[in-house]
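Coordinate-derived values only; no laboratory data. Everything numeric in this text was worked out from a predicted model, so none of it was measured. In this analysis, Cβ positions are derived from the backbone assuming ideal geometry, glycine residues included, and neighbour counts consider all displayed protein chains.
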């Protein structure tokens, strides 16, 4: 039975064990996030023969901040080393199309594992821990299936079932706190400085460029919230849940921003003037072009 540690579950990206799948399988558009266009299935011109990025240390400076905030949740190495047993798309070009499709599905499954593992650490969600544990075990088993089965998997149906459990866990954690319901709300560029958003439901909310300086986001549900360019300087996210490192990396912040214990302060928050964040998307390439809204799954 797998535990809840992201490292033990293989949910931390290991680019050294991946065939550069995010740099090949996914498309992106020239924008504030990416310096050039790239079609799905076309290797990025910065991808080397050894599957490493030739400008990795200068991605932000070279116009690719979107790459720095993408997280595959470990799907890249799982597909590369487990599903395809170390055989790359370069070695076996005939597998490329299927491999790219499987990578997209695997990323969704690994993202679900991340949320399920976190939900199992939330004490208030104890009434649904048994269901969450079953869902985690079932999802982990799905990731072990062969390429053909994964390609045919109805991942949307599986997500829907898991999401019901995650939503119930969220309700239990936020119970009795009268948090605001802003699920899926369009809050792009809205001034929310100092806003009382404790225990708020911000699932899938569009917070692109929102001013959240000094906002109270304690115990807020931030699953799928788009925080690209949102200003979190001085905000309190203590106890906020279903928040990922990629979401933080896409936002702005400073030394006064209070974070959940499991997440780290992005280095670029303290670089230069300490307030520059990235507009890069966490949905991952097609990481929408400037001003374009990414498609929501929740």
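Once you have the Cα-Cα distance between residue 30 and residue 186, take 0.36 nm times their residue separation minus that, and quote the gain in nm to one decimal.
Additional length available on full extension: 53.7 nm.
For every helix of n ≥ 4 consecutive DSSP H residues, a contribution of -39,500 (n - 2.57) applies; sum these over the chain, divide by its total residues, and give [θ] at 222 nm rounded to the nearest 500 deg cm²/dmol.
-8000 deg cm²/dmol
What percentages, rounded to whole numbers, describe P(r) for the stretch 75-156 computed over all alpha carbon pairs with 10 Å bin width beginning at zero?
18, 44, 24, 11, 3
Pulled fully out, how much extra length does the chain show between residue 133 and residue 45, if you take 0.36 nm times their separation in residues and subtract their Cα-Cα distance?
27.5 nm
Within the P(r) computed for the stretch 1-120, what percentage of the Cα pairs occupies the region above 23 Å?
Across the stretch 1-120, Cα pairs with separations above 23 Å total 32 percent.
Please give, to one decimal in nm, the separation of the simple spin-label points placed at residue 96 and residue 82, each 7 Å out from Cα toward the Cβ.
My value for the distance between the label points is 2.6 nm.
Given the stretch 76-229, what whole percent of its Cα pairs are spread farther than 28 Å?
Everything past 28 Å amounts to 36 percent.
[x] 18.3; [y] 19.6; [z] 20.9: which one is Kirkwood radius over Cα pairs in Å as calculated from this entry?
Among [x] 18.3; [y] 19.6; [z] 20.9, the one calculated here is [y].
Measure out, as a whole number of angstrom, how far apart the alpha-carbon centroids of the stretch 87-126 and the stretch 145-183 sit.
Distance between centres, Cα-based: 15 Å.
Where is the GNM fluctuation largest for the chain (alpha-carbon springs, 10 angstrom cutoff): 81, 245, 91?
It is 91.
Could you give the length gained on full extension between residue 121 and residue 57, defined as 0.36 nm per residue of separation minus the Cα-Cα distance, in nm?
Roughly 19.6 nm would be gained on extension.
Which whole-angstrom value gives the distance between the alpha carbon centres of the stretch 1-36 and the stretch 42-79?
8
If each of residue 157 and residue 193 carries a label point 7 Å out from its Cα toward its Cβ, how far apart are those two points in nm?
Spacing of the two 7 Å Cα→Cβ label points: 5.1 nm.
With springs connecting C-alpha atoms under 10 Å apart, model the chain as a Gaussian network and identify which of 84, 100, 64 has the largest mean-square fluctuation.
Highest fluctuation among the options: 84.
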